[in-house]
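Note sheet for the following structure.
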Amino acid sequence: MGLYGIIIKEFKHIIRDYRTLLILFILPMLMMVLFGYAMTLEIPDIRISVDDHDNSPASRHLISGFQGSNFFTVRPARGLSGRELFQRREAHALLTIPADFTATGTVDLQIDASDSSRALIIRQYIGAVVSRSGGNTGVPAPVTAVPAFLYNRELESAFFFVPGLTALIIIMVTALLTSLTITREKEQGTFDLIKLSPVHAYEVIIGKVVPYLILSFLIGILVILFGVLLFGVPIRGSISALLLYLILYCLTGLSFGILISTVATSQQTAMLISLIATLLPTLFLSGFIFQIEAMPALLRAASAIMPAKYFLIIIRGLMLKGNTQGEILFPILMLVGFSTLFLLIAIRRFKHYLDH
């Protein structure tokens with residue numbers, strides 16, 4: 001059969017299984033849309049109730065700062081306390097302007113913290129409006145720093161999530177592809193024919209990887225294009241470098257899937273192992289959602305063996321910052337190391353399988 005024969009056989013299998021091929025292209029696009037719109041750090045409609053006891057030009061100017069923002073819906077408190085407003089779900093925050101506001105420049109703020117993450121974001125939004133309005137109200141205002149946001153001036157959450165979604169989708173799809181194709185042949189008994197053929201273990205592995213590397217690379221390009229066109233995520237670095245490292249990451253995922261196939265005895269087992277080994281670690285330990293620096297030491301150590309962590313550094317660096325190769329050399333080398341290690345282990349295990 002040889003290496004060439006295995007590659008041709010895999011291409012024919014991919015083309016004939018058009019239903020799976022269709023799912024492989026539609027599923028990543030669907031995940032990008034659902035996750036991209038559902039996972040956001042922005043709160044577009046913050047209901048804030050205002051209780052103005054000062055009723056002065058300064059207090060009205062402060063209130064107008066909230067009314068002029070697209071993030072806030074301003075309503076009068078109607079004499080209700082913060083507890084009453086929050087229990088009725090009529091407001092996310094209560095801003096109380098005391099009668100001595102003109103003299104002190106101090107306001108009272110209560111925030112519904114039943115959702116702690118939302119409460120922190122609301123506090124930041126309100127603090128930004130108060131700081132921006134403070135200097136123009138004629139009241140004493142503290143010295144404030146005016147931040148300049150680089151790489152994401154509008155603080156679009158899609159700029160953060162879309163590269164992470166790309167890493168998640170690709171590692172899931174690639175590991176699933178190669179783990180299922182070999183276990184399927186084991187179940188059907190066709191894999192035993194390879195043992196009768198004069199082929200080496202490395203020819204089997206490479207022959208399985210090459211067709212799916214091309215397929216997963218095309219899927220990866222579609223995912224990135226979808227993120228750029230649908231969510232407006234920029235590509236500030238080299239596009240050719242991004243595509244090159246996309247191939248490397250696809251190879252890492254495919255190599256991991258091949259390794260899984262040497263352990264799994266059925267397609268169901270391979271699918272379960274692939275999903276558990278790629279979905280959960282990428283979500284929680286890659287920096288996709290949670291900051292690795294804030295994790296306990298044990299989880300930070302575990303994140304060091306997550307390929308998605310290093311691809312996230314690469315893709316965010318190239319898309320958002322315009323990094324050069326030298327600035328992302330370490331994560332590149334880590335992906336090369338993962339791919340090499342997975343392939344070598346898989347070849348060794350297949351060699352033992354072919355010899356017995």
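Among the residues of the range 138-190 satisfying the criterion of being modelled with pLDDT under 75 and of a type in the set (Ser, Thr, Tyr), which is surrounded by the fewest Cβ atoms within 10 Å (Cβ to Cβ)?
190
Quick test for you: out of 49, 69, pick the one residue that is surrounded by 13 or more Cβ atoms within 10 Å (Cβ to Cβ), small (Gly, Ala, Ser) and modelled with pLDDT under 85. Talk me through it step by step, then tell me what you get.
Working: 49 fails: modelled with pLDDT under 85.
Answer to the check: 69.
Being free of Cβ contacts under 8 Å to residues at least 40 places away in the same chain and surrounded by fewer than 23 Cβ atoms within 10 Å (Cβ to Cβ) narrows it down to one residue among 332, 345, 305; which is it? Walk me through how you get there before you give the answer.
Numbers: 332 fails: free of Cβ contacts under 8 Å to residues at least 40 places away in the same chain; 345 fails: free of Cβ contacts under 8 Å to residues at least 40 places away in the same chain.
Just one listed residue meets the conditions, 305.
Scan the range 85-118 residue by residue and report those that are exposed (fewer than 15 other Cβ atoms within 10 Å of the Cβ), more than 30 Å from the chain's Cα centre (by Cα) and assigned to a helix (DSSP H, G or I).
87, 103, 104 - these are the residues of the range 85-118 that are exposed (fewer than 15 other Cβ atoms within 10 Å of the Cβ), more than 30 Å from the chain's Cα centre (by Cα) and assigned to a helix (DSSP H, G or I).
The values are calculated or read from the model by the stated rules, or taken from the named source; none is laboratory data. Every value quoted in this text rests on a predicted model; they were computed, and no experiment measured them. All Cβ positions, glycine included, derive from the backbone under ideal geometry; neighbour counts span all protein chains shown.
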